[in-house]
Structure formats: C-alpha cells, structure tokens
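Colleague: Sharing a structure below in structure tokens format, with a few things to ask.
The values are calculated or read from the model by the stated rules, or taken from the named source; none is laboratory data. What you see is a predicted model, and the numbers here were worked out from it, not measured in a lab. Neighbour counts run over all protein chains shown; Cβ positions are idealised from the backbone, glycine included. Side chains included, ligands, DNA and RNA excluded: accessible areas come from the protein's heavy atoms. Shrake-Rupley method; radii C 1.70, N 1.55, O 1.52, S 1.80 Å.
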Amino acid sequence: QAMTSRGQSIDVLSSEIARWIYLANRDEHAFFVEDSIDMPWTRELASPAGPVYRLADRAGSDLTTEQIERDHAYWRDTNRALLDAPLFDSDLDARMAFSALRPQGAKIYRDRGLLRDAEFAFSQALELLPNELTSMVALADVYAQQQRWREARGVIAPYRDQAPVLLSLDAQWAERQQRVEALGVAHTQLVFAPTDTS
C-alpha cells in the first residue's frame with residue numbers, strides 16, 4: 001500500500017481529502033463517487049446511481065423503493081446490452097471493468113441490511129465475469145448472512161480447494177449446514193412421529 005513521506009496511507013489521505021471537499025460543498029453540489037478506494041465515511045450517505053454512487057446531503061436516509069428499482073433496472077439493461085455485444089465475451093478488460101462497477105451498489109445494499117438486493121447485485125457482477133473471486137466470496141457471504149449455507153458453499157466451490165481461506169469458510173459453513181439439517185430432521189420427527197423413540 002502506498003504511503004506518504006509521513007507514513008500515512010495514500011488511500012486514507014485521499015479519503016480524508018474527499019470528505020473535506022464533500023463537507024465544504026455538499027449544500028451547493030451533488031456528489032457522485034466511483035469506488036476506487038475504500039471510504040468508510042461514505043457508507044451512511046451512499047445510494048446506487050448506475051456505475052457510481054451518489055452521496056446524500058446528510059447521513060441516515062433510507063434507500064427508497066424507487067431508487068432500488070431504478071438501480072436494478074439500469075443494471076439489467078446494461079448487462080443485457082453488454083452480454084449481447086459481439087465482442088464483449090472476448091474483451092477481458094471490458095468484462096473486468098464492468099464487473100468491478102456493479103459491486104458498488106451491492107455493497108451499499110449489504111451494508112444497509114438489504115441482503116436480497118445485495119444478492120441480486122453481486123449475481124449481476126458475476127454474470128459479467130463468472131468466477132471473479134471477490135464477487136464470489138461477497139455473494140457467498142450474503143448467503144451465509146441469511147443462513148443459506150448450502151448456497152454459500154456452492155458459490156465458492158469452483159475455487160474452494162485453491163485457497164486456504166475458502167477451505168476454512170467451507171468447513172465452517174458445512175458444520176452450520178449440518179446443524180440446521182439435523183434440527184430440521186428432529187423437528188419433522190417431533191411433528192409427525194412424536195412418540196417414535198427408534
């Protein structure tokens with residue numbers, strides 16, 4: 001990670017400069033951000049806006065149904081146009097660029113607890129670049145947050161044996177999946193055969 005001469009991270013410094021510019025001008029200008037570096041201070045302000053996100057004037061505003069539907073529609077149309085373009089499939093740079101833009105909205109949904117919307121958005125990123133590791137792990141984590149262990153494990157399966165961290169995640173999720181399934185069997189038996197002790 002790049003550092004200043006005083007030992008401060010360039011990304012942290014850039015984030016603080018962006019925050020200063022935003023605070024000084026938010027009452028007069030709309031702010032749109034492309035998520036090239038992590039800026040934690042934007043999380044409570046962000047709403048999806050196509051390939052970027054918009055910053056609200058003040059923190060704490062919920063996303064509206066209209067904002068969410070507009071974002072999903074934008075990316076449905078964009079994905080369809082890109083995937084139908086004759087040269088897109090062979091253009092790795094384009095696929096990487098667009099698949100890196102879609103998770104911006106997905107992360108906003110995830111951070112706001114809108115897990116179904118996050119799931120949809122991360123899945124759209126993977127349509128553009130299948131098996132892209134960052135989006136794969138993020139989508140699997142969204143499934144895991146909903147206790148959908150089998151689906152979480154299925155997402156990381158293509159790379160599970162190639163990365164120790166994925167093996168560890170898979171083992172954790174497999175254990176939780178077994179617990180849930182065992183509870184389901186016990187519940188079924190209790191309902192349908194409460195006196196069966198075999």
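Colleague: Within the stretch 18-71, count every residue that is of a type in the set (Lys, Arg) and part of a helix (DSSP H, G or I).
Modeller: Taking the stretch 18-71 as the starting set, the residues that turn out to be of a type in the set (Lys, Arg) are 19, 26, 43, 54, 58, 70.
If we keep only those that are part of a helix (DSSP H, G or I) as well, we get 19, 70.
Total meeting the criteria: 2.
Colleague: Then there is this: Looking only at the stretch 86-95, decide whether some residue is outside any helix (DSSP H, G or I) and either in contact (Cβ under 8 Å) with a residue 40 or more places away in the chain or basic (Lys, Arg) (or both).
Modeller: no
Colleague: Here's a follow-up. Any chance you could count how many residues in the stretch 15-33 are out of contact with any Leu (no Cβ under 7 Å at 6 or more places or on another chain) and open to solvent by less than 90 Å² (accessible area, probe 1.4 Å)?
Modeller: As a first pass, look at the stretch 15-33 and keep what is out of contact with any Leu (no Cβ under 7 Å at 6 or more places or on another chain): 15-21, 23-30, 32.
After this cut, where a residue has to be open to solvent by less than 90 Å² (accessible area, probe 1.4 Å) as well, the list is 15, 17-18, 21, 23-26, 30.
The qualifying residues number 9.
Colleague: Also: Could you grab me the full set of residues in the stretch 91-110 that are surrounded by 16 or more Cβ atoms within 10 Å (Cβ to Cβ) and of a type in the set (Gly, Ala, Ser)? I'd like the intermediate steps shown before the answer.
Modeller: Initially, the stretch 91-110 is screened for residues surrounded by 16 or more Cβ atoms within 10 Å (Cβ to Cβ), giving 94-95, 98-110.
Answer for the stretch 91-110, where residues must be surrounded by 16 or more Cβ atoms within 10 Å (Cβ to Cβ) and of a type in the set (Gly, Ala, Ser): Ala94, Ser99, Ala100, Gly105, Ala106.
Colleague: Name, by its number, the condition in (1) of a type outside the set (A, V, I, L, M); (2) under 16 Å from the mean Cα position of the chain (by Cα); (3) modelled with pLDDT of 90 or more that does not hold for Arg43.
Modeller: Answer for Arg43: the failing condition is (3).
Colleague: Take the residues in the stretch 143-195 that are open to solvent by less than 70 Å² (accessible area, probe 1.4 Å) and outside any helix (DSSP H, G or I); name whichever of them is modelled with the lowest pLDDT.
Modeller: Once the filter is applied, the top-ranked residue is Ala193.
Colleague: Next question, about the same structure. Counting only residues that are of a type outside the set (Phe, Trp, Tyr), open to solvent by 50 Å² or more (accessible area, probe 1.4 Å) and either under 14 Å from Glu151 (Cα atoms) or in a helix (DSSP H, G or I) (or both), how many does the stretch 111-136 have?
Modeller: 5
Colleague: Can you pull out the residues in the stretch 34-51 that are buried (at least 18 other Cβ atoms within 10 Å of the Cβ) and not acidic (Asp, Glu)? Talk me through it step by step, then tell me what you get.
Modeller: Taking the stretch 34-51 as the starting set, the residues that turn out to be buried (at least 18 other Cβ atoms within 10 Å of the Cβ) are 35, 39, 42, 45-49, 51.
Listed by number, the residues that qualify are Met39, Thr42, Leu45, Ala46, Ser47, Pro48, Ala49, Pro51.
Colleague: Could you give me the residue pairs with C-beta distances under 6 Å whose first residue belongs to the stretch 125-148 and is in contact (Cβ under 8 Å) with a residue 40 or more places away in the chain, whose second residue is open to solvent by less than 60 Å² (accessible area, probe 1.4 Å) wherever it lies, and which are 6+ apart or on separate chains?
Modeller: What qualifies is Glu127/Asn79; Leu128/Arg95; Leu128/Ser99.
Colleague: Next up: Could you identify the single residue in Arg54, Arg76 that is in contact with a strand residue (DSSP E or B) (Cβ under 6 Å, 6 or more places away or on another chain), open to solvent by 50 Å² or more (accessible area, probe 1.4 Å) and closer than 30 Å to Gln146 by Cβ?
Modeller: Working: Arg76 fails: in contact with a strand residue (DSSP E or B) (Cβ under 6 Å, 6 or more places away or on another chain).
Testing whether each residue is in contact with a strand residue (DSSP E or B) (Cβ under 6 Å, 6 or more places away or on another chain), open to solvent by 50 Å² or more (accessible area, probe 1.4 Å) and closer than 30 Å to Gln146 by Cβ leaves just Arg54.
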